[in-house]
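Written out below as structure tokens is the structure these notes cover.
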Amino acid sequence: MFNTAVVIQSIVSGLLMGGIFALFGVGFSLTWGVMKVINIAHAAFGILAAYIAYWGLVLYGVDPILSLIVSLPVLFFAGLLIHRFLIQPITRSKDIVVASMILTFGLAIILENLMLVAWTSDERLITTSYSSKAIFIGEIIIRVSSLLAFCVSILGIAAIYLFLHKTRTGKAVRATWQDPEGAALQGIKLTRVSMIAFGLALASAGAGGVAMAYMYSFNPPAHNLWLIYLFLVVIVGGVGSIIGSALAGLIIGLITGLSGAFFPQQWINVLLFGLLIVILLIKPEGLFKS
């Protein structure tokens, strides 16, 4: 039987979840669009940030949001180093897309196993003093932790958008992915711009990982599932499109939420990837890529 309250609840829950997909996807799209680098380890760094938040909370009572003060700069500078010593050497490859996938796949496996050694495969869940609190709007329930995670995601996307459109360095990043040769002729240092983009992408992965940990349990291998959704967001939104990835994340979250209200759980991925196939057939460059 059709239940309006259930549908509205599913829409709200789906949009909250979609905001997190959007933040994750924006960073993933950034490196893919600017450098043609597909970073398979992107979600693994999100898991790492989630662990930093978890242990900061468990051991020292630090709110997970405050942990971002530590994890975001750490991941940004890790991105600079990874680009300098791992990504930059493969830029001379004839097929940087394939080379980057192989290299970052290996990096993801290394990071996953280091986390397994350090923290085992036990699933963790971020539980704060406000995890059990909720906002009630009629029959609609909005968990405070989910709303907070959504706000973190929206702020993260807004920060990346403003950086790319309002700062000199950000405009150089956009120029690089739109026309690398033209950007170089204008005096833009492509290596420096690529390093910043990669660092920014890893920082966004960290913010996305902490936001995701508010809503889902996680362990080191969980990055493999998160990675699947990253590909879905970027392909639907359009590679290199920040707004497109953000909208695609919300759409995918909405579809996931509504599907869960009407179909068994095992059908959700069937519907999502069925949608992906249709989009690839009709508009392979993505729904929001002009």
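Among residues of the range 233-249 that are part of a helix (DSSP H, G or I), those with a beta-carbon under 8 Å from a residue that is charged (D, E, K, R) at least six positions away or on a different chain give the pairs GLY237/LYS289; GLY244/LYS289. Among the numbered conditions (1) touching a residue at least 12 places away in the same chain (Cβ under 8 Å); (2) of a type in the set (A, V, I, L, M, F, W, C); (3) assigned to a helix (DSSP H, G or I), the only one that ILE69 does not meet is (1). With the structure loaded, tell me whether SER153 is under 22 Å from the mean Cα position of the chain (by Cα), buried (at least 19 other Cβ atoms within 10 Å of the Cβ), over 18 Å from ALA43 (Cα atoms) and not hydrophobic (A, V, I, L, M, F, W, C) or whether it fails that test. No.
Among the residues of the range 34-42, is any assigned to a helix (DSSP H, G or I) and either within 25 Å of ILE141 (Cβ to Cβ) or modelled with pLDDT of 90 or more (or both)?
Looking for residues that are assigned to a helix (DSSP H, G or I) and either within 25 Å of ILE141 (Cβ to Cβ) or modelled with pLDDT of 90 or more (or both), one finds at least one in the range 34-42, hence yes.
Comparison of LEU200, LEU148, LEU162 shows that the only residue that is open to solvent by 20 Å² or more (accessible area, probe 1.4 Å), within 20 Å of LEU15 (Cα to Cα), at pLDDT 90 or above and in a helix (DSSP H, G or I) is LEU148. Does PHE76 meet the test of being surrounded by fewer than 24 Cβ atoms within 10 Å (Cβ to Cβ), of a type in the set (Phe, Trp, Tyr), in a helix (DSSP H, G or I) and touching a helix residue (DSSP H, G or I) at 6+ places or on another chain (Cβ under 8 Å)? Considered against the rule, which asks whether it is surrounded by fewer than 24 Cβ atoms within 10 Å (Cβ to Cβ), of a type in the set (Phe, Trp, Tyr), in a helix (DSSP H, G or I) and touching a helix residue (DSSP H, G or I) at 6+ places or on another chain (Cβ under 8 Å), PHE76 comes out as yes. Could you grab me the full set of residues in the range 270-288 that are part of a helix (DSSP H, G or I) and free of Cβ contacts under 8 Å to residues at least 12 places away in the same chain? Of everything in the range 270-288, those that are part of a helix (DSSP H, G or I) and free of Cβ contacts under 8 Å to residues at least 12 places away in the same chain turn out to be VAL270, GLY274, ILE277, VAL278, LEU281, ILE282.
Per the listing GLY56, GLY61, the residue uniquely small (Gly, Ala, Ser), over 21 Å from the mean Cα position of the chain (by Cα) and open to solvent by less than 30 Å² (accessible area, probe 1.4 Å) is GLY56.
The values are calculated or read from the model by the stated rules, or taken from the named source; none is laboratory data. Since this is a predicted model, take the numbers as computed values, not measurements. Here Cβ is always computed from backbone atoms with ideal geometry, including for glycine, and neighbour counts include all displayed protein chains. With ligands, DNA and RNA removed, areas are computed over all heavy atoms of the protein, side chains included. Shrake-Rupley method; radii C 1.70, N 1.55, O 1.52, S 1.80 Å.
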